[in-house]
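Written out below as structure tokens is the structure these notes cover.
The values are calculated or read from the model by the stated rules, or taken from the named source; none is laboratory data. Every value quoted in this text rests on a predicted model; they were computed, and no experiment measured them. Here the Cβ positions follow ideal geometry from the backbone for every residue, glycine too, while neighbour counts run over all protein chains shown. In case anyone asks, the SASA skips ligands and DNA or RNA and just uses the protein heavy atoms, side chains included. Shrake-Rupley method; radii C 1.70, N 1.55, O 1.52, S 1.80 Å.
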Amino acid sequence: MIAKRRHHPASILFKYGLLVRNLFFLFLILFIFNRTDPSTIITYGRYAFLAYLAYSIVSTLLTWLTSSYALDAERFHLYNGIFNKTERTIPFAKVQNINRHTSFFHKVLGLTSIRFETATAGEEASVKFDVLTKKGAARIEEIVEAKRKPEVREETEIGAKEDDAPSAEIPLAKPKAPARTIHFRPTTRELVKASFTSFSFLLLVPLLGSLYYNISDFINLEDRVDGLVGDVMSSGWIIAATVLVILLASLAFGIFQTFRKYGKYEIASDDKRIYIQKGILSETSFSIAKDRVQAIEVNQSFIKRLLGLAEVKLISAGSLSLGEDNLDISSLYPFLPKAKAYAIVSELLPSYTIQEEMERLPRRSLWLRMLKPSWLWIIVTALLVFFKPDFFRIEQTWWIASALLLVLIIMSRVLDFLHTRFCLNGQLIQFKTGGFTTSLFVTKREKVIEVKVTQNGLQRLFGLRSLETVTRAKPVHHSYLTDAPETLASDFHQWYRERTNEIELEPVE
Amino acid sequence: MNDWNLTEQLAPKAVPYWRMYELVTNIISALVLGVLFFLDWRFDWYTWIGWVLIGIAVLFLLSVIWSIISPPLLYKSWRYDLDAEFLYLQFGIWERTEQVIPMSKIQAVAMKQGPIMRKYGLASLSVDTMGSNHAIPALPKNIAEQLRERIAQFAKIKEVEQ
């Protein structure tokens, strides 16, 4: 329990820091670059700037003075509002996942920020503490988690039911200390490998490009660069050397980027929760109770499939972003070898034993896929025929482009047919789909909040149907299996209806 | 398909209701379109606007024909059922859709009645879940009321949130 108190005073400092950052360029424009400009717009702009600055300084202070929080045994109480007072109460039981972010500035001051995400829609979905001490964050986290302890029973109970053992009373209060098991930490070799597959070295080019344009806004670089380019192009040796330097620089940059992002990656768990941590300069961590994992998704891009790597994502009903930037923290290390990824999943979530042997679609669904009109191709071809663009002065561009697109679409359909697999595996459902990039979606029956089976006219001719499951996520996650055999559709209905065996109902008051 | 013999149908009056509804909306659309054609002729709008209007008129005519044919087909395609655990829906003329919604995931039920529905003694029932919302259109009013009560009763029981 925490008695009603204000947020950490350093939060004012952070808000002011943000204010300075946001207003910096405006300040430069109004007061430095145009300091001799006597026009009315600039003059009034300056007044408005100062008024806004004064307002922000005062309102930040007042906001801090009037907002406070408290925690009792079961819920958060948040108080805020300068004139209109609001009091929000959020039960800990609604917390889906906990995101923690320590930016570089937090780190310098020994502080951190923490967000408790609920599944509610809208602005007020999360309880956020933008600035607080590490100790304070740990204490709040502890209180929130303590409440959730009794619910952990669920996992073991279901396991017991499956084995038909009537003794559901598996000792849940294991006196084991909440020791975390570390499941994965990338080695330097793995990081180097990751930096090649992530293609982050390609980022250097657009980064330099945008830097160039930003600078050339202020200083006239173009003439100098034109001269430089002319000099470089004059000799084959210099061209080769330049290309080499650029390549090496991008490579170094890619490795640096990967180390920065995934350097201190760590996947850990105790008997209740999963913890994912990453980042060197700024640290981000994500934690979710095992029974709150709504589903898992194994994604493989074309390159990753060639190298046998996979990315595993945990799907939560709460938000996974921190402010504006989505940090993608719900993913277990994105460059895991596939077998290792599956092994970690079964270590973290024993009830998710992914069955790799899955059924394929019948041959006739390939024919159906081929028959389906591709709206994309039709529209693009229509546009090409209409405009007849000549790219690089090739008049035939329109039909070449159209043919290329058609080939790509057919290839992706064939690949999709070849990759699509499905499996009803006890209480798990596994759908694997995708052409160039594949995605395997695995969830438990009890987490599926709705199912849908559809059949259109063409599918009726071929005796095929499409299945859809809906699971909670932010936003709600729909997963599809198109053109599955009719027998699977009825099995699917039957399978779903048996969820009644597993769900745990709330007592009715 | 085994286990999927839903018996409950919509109110037979749904067909005349849909026809009436379509008639009213078609008349309104026709009026709007007529006014646009008149303005086009009166104020000499660009030629391409005339072509667009003709295109819209053709689509409108097709939709009028469809609105005459479709109500009995839609009525025939609709089935629903419910038990203590699930709500089952089945519908669709071109694309047949079957849905299973657990009662414990239903967040809200509402009965809705527009002016034309009232004339035919009908009501529609809409059901909101965490993921989406669904509606059973055109039920007899008393049945809609009963269903609302039953679903509300069954949906009162919630799963432990996970």
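Here are the numbers for this structure:
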{"item": "Filtered residue count, segment A:11-65, keeping only those that are more than 35 Å from the chain's Cα centre (by Cα) and among the polar types (S, T, N, Q)", "result": "5"}
{"item": "Answer from B:Ile136, B:Ile106, B:Ile116 - the residue that is buried (at least 19 other Cβ atoms within 10 Å of the Cβ) and closer than 25 Å to B:Glu22 by Cβ", "result": "B:Ile136"}
{"item": "When residues of segment A:53-69 are limited to those that are closer than 15 Å to A:Val131 by Cα and among the β-branched types (Val, Ile, Thr), the one surrounded by the most Cβ atoms within 10 Å (Cβ to Cβ)", "result": "A:Thr60"}
{"item": "Condition check for B:Val127: within 14 Å of B:Tyr80 (Cβ to Cβ), within 14 Å of the chain's Cα centre (by Cα) and surrounded by 14 or more Cβ atoms within 10 Å (Cβ to Cβ)", "result": "yes"}
{"item": "Residues satisfying the stated conditions in segment A:491-506, i.e. within 9 Å of chain B (Cβ to nearest Cβ) and over 12 Å from B:Val100 (Cβ atoms)", "result": "A:Ile503, A:Glu504, A:Leu505, A:Glu506"}
{"item": "Any chance B:Arg150 is over 17 Å from the mean Cα position of the chain (by Cα), farther than 20 Å from A:Ala489 by Cβ, open to solvent by 40 Å² or more (accessible area, probe 1.4 Å) and away from every other protein chain (no Cβ under 14 Å)", "result": "yes"}
{"item": "Subset of segment A:448-464 [within 26 Å of A:Glu357 (Cβ to Cβ) and either more than 10 Å from chain B (Cβ to nearest Cβ) or open to solvent by 10 Å² or more (accessible area, probe 1.4 Å) (or both)]", "result": "A:Phe462, A:Gly463, A:Leu464"}
{"item": "Matching entry among B:Ser104, B:Ser63 (being of a type in the set (Ser, Thr, Tyr) and within 14 Å of chain A (Cβ to nearest Cβ))", "result": "B:Ser104"}
{"item": "Tally, over segment A:63-97, of residues that are in contact with a helix residue (DSSP H, G or I) (Cβ under 7 Å, 6 or more places away or on another chain), part of a strand (DSSP E or B) and of a type outside the set (A, V, I, L, M)", "result": "5"}
{"item": "Check on A:Ala295, within 14 Å of the chain's Cα centre (by Cα) and of a type in the set (A, V, I, L, M)", "result": "yes"}
{"item": "Residue count for segment A:337-396, restricted to those that are of a type in the set (Lys, Arg), surrounded by 12 or more Cβ atoms within 10 Å (Cβ to Cβ) and in a helix (DSSP H, G or I)", "result": "4"}
{"item": "Meets criteria (more than 7 Å from chain B (Cβ to nearest Cβ) and either under 23 Å from the mean Cα position of the chain (by Cα) or of a type in the set (Gly, Ala, Ser) (or both)) for A:Leu467", "result": "no"}
{"item": "Qualifying residue in segment A:425-439 (condition: open to solvent by less than 20 Å² (accessible area, probe 1.4 Å) and within 14 Å of chain B (Cβ to nearest Cβ))", "result": "yes"}
{"item": "Cβ pairs under 9 Å, 6+ apart, first in segment A:1-17 and within 27 Å of A:Asp72 (Cβ to Cβ), second basic (Lys, Arg)", "result": "A:Ile2/A:Arg139"}
{"item": "Residues satisfying the stated conditions in segment A:466-509, i.e. among the basic types (Lys, Arg) and open to solvent by 40 Å² or more (accessible area, probe 1.4 Å)", "result": "A:Lys474, A:Arg497"}
{"item": "Condition met for A:Phe105 (open to solvent by 70 Å² or more (accessible area, probe 1.4 Å), more than 14 Å from chain B (Cβ to nearest Cβ), under 24 Å from A:His8 (Cβ atoms) and not in a strand (DSSP E or B))", "result": "yes"}
{"item": "Number of the exception - A:Arg472 against (1) over 23 Å from A:Ala119 (Cβ atoms); (2) facing chain B (nearest Cβ under 8 Å); (3) touching a residue at least 40 places away in the same chain (Cβ under 8 Å)", "result": "(1)"}
{"item": "Residue among A:Leu208, A:Leu251 that alone is within 30 Å of the chain's Cα centre (by Cα), more than 14 Å from every other protein chain (Cβ to nearest Cβ) and modelled with pLDDT of 75 or more", "result": "A:Leu251"}
{"item": "B:Ile54 being among the hydrophobic types (A, V, I, L, M, F, W, C), over 30 Å from A:Ala121 (Cα atoms), exposed (fewer than 15 other Cβ atoms within 10 Å of the Cβ) and touching a residue at least 24 places away in the same chain (Cβ under 8 Å)", "result": "no"}
{"item": "Candidates A:Lys107, A:Lys85 - the one that is under 28 Å from A:Arg273 (Cα atoms), at pLDDT below 90 and not small (Gly, Ala, Ser)", "result": "A:Lys107"}
